[in-house]
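Encoded as structure tokens, the structure appears first; notes follow it.
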Amino acid sequence: MIVKETALKGCFEIEPSVFNDHRGYFLETFNQQAFNQAIGQEVTFVQDNESQSTKGVLRGLHFQTGDHAQAKLIRVVVGRVLDVVVDLRPNSPTFCKHFKAVLSGENKKQLFVPRGFAHGFLVLSETAIFSYKCDNFYSKAAEAGIAYNDPTLNIDWEFPTNLVELSKKDLHLPTIEAYFK
């Protein structure tokens, strides 16, 4: 496993060891001991989530507030997505900065997103199955989000905006200024 910290402190890109042969491949998608050692902290995941989406679907930018904040370990099982995280920690030197990476069933890369970040992804392939672990349980009351096209964040989603498909909820997300005035 190769683990690299991104430009956003505490956020890591992970490349698992993949063993290929004529039958296919094998990889260990998660090992608690190796993971904690690689990122230098104890994280215990309590919930796994999975979604299936089609090309152009953008989910995000979402986060959980307060005591319900979540760290996530993200991967794509099938397909390809542009994954984006935004640092929402007001005292961080990278506050309001973002990191993006292409995650796919082919490259098998994972992304560890610490608490205090917003997260979203855009499906680049015809379909994608997106899977992630959370270190805290979901709370509807703590659900929050930021508009994917927030001008302050200035994220280039590398996809035609007229082809982006959003949920009704995501269409009405506020800008980051609603949270940090």
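The values are calculated or read from the model by the stated rules, or taken from the named source; none is laboratory data. Just so it is clear, the model here is predicted, and its values are computed rather than measured. With ideal geometry, Cβ positions are generated from the backbone for all residues, glycine too; neighbour counts draw on all protein chains shown.
Does region 151-168 contain at least one residue that is among the acidic types (Asp, Glu), in contact with a Lys or Arg (Cβ under 9 Å, 6 or more places away or on another chain), assigned to a helix (DSSP H, G or I) and closer than 22 Å to Val102 by Cβ? Step through it out loud before you land on a result.
Let us first name the residues in region 151-168 that are among the acidic types (Asp, Glu), namely 156, 158, 165.
Those left that are additionally in contact with a Lys or Arg (Cβ under 9 Å, 6 or more places away or on another chain): 156, 158, 165.
Among the residues that remain, those that are also assigned to a helix (DSSP H, G or I) are: none.
Within region 151-168, not a single residue is among the acidic types (Asp, Glu), in contact with a Lys or Arg (Cβ under 9 Å, 6 or more places away or on another chain), assigned to a helix (DSSP H, G or I) and closer than 22 Å to Val102 by Cβ.
For region 83-123, which positions are aliphatic (A, V, I, L, M) and within 15 Å of Asn154 (Cα to Cα)? Reasoning before the result, please.
The first filter runs over region 83-123 and keeps only residues aliphatic (A, V, I, L, M), leaving 84-86, 88, 101-103, 111, 113, 118, 122-123.
If the condition is that a residue be aliphatic (A, V, I, L, M) and within 15 Å of Asn154 (Cα to Cα), then Val84, Val85, Val86, Leu88, Ala118 are the ones that fit.
A Cβ distance below 7 Å, combined with a sequence gap of six or more or placement on separate chains, defines the contacts here; from region 89-104, residues that are over 20 Å from Ile74 (Cα atoms) and crowded, with 16+ Cβ neighbours inside 10 Å reach residues that are of a type in the set (Asp, Glu) and at pLDDT 95 or above in the pairs Thr94/Asp87; Cys96/Asp87.
Within region 23-32, none of the residues are surrounded by 13 or more Cβ atoms within 10 Å (Cβ to Cβ) and under 12 Å from the mean Cα position of the chain (by Cα). Scanning region 31-52 for residues that are in contact (Cβ under 8 Å) with a residue 24 or more places away in the chain and part of a helix (DSSP H, G or I) yields a total of 4.
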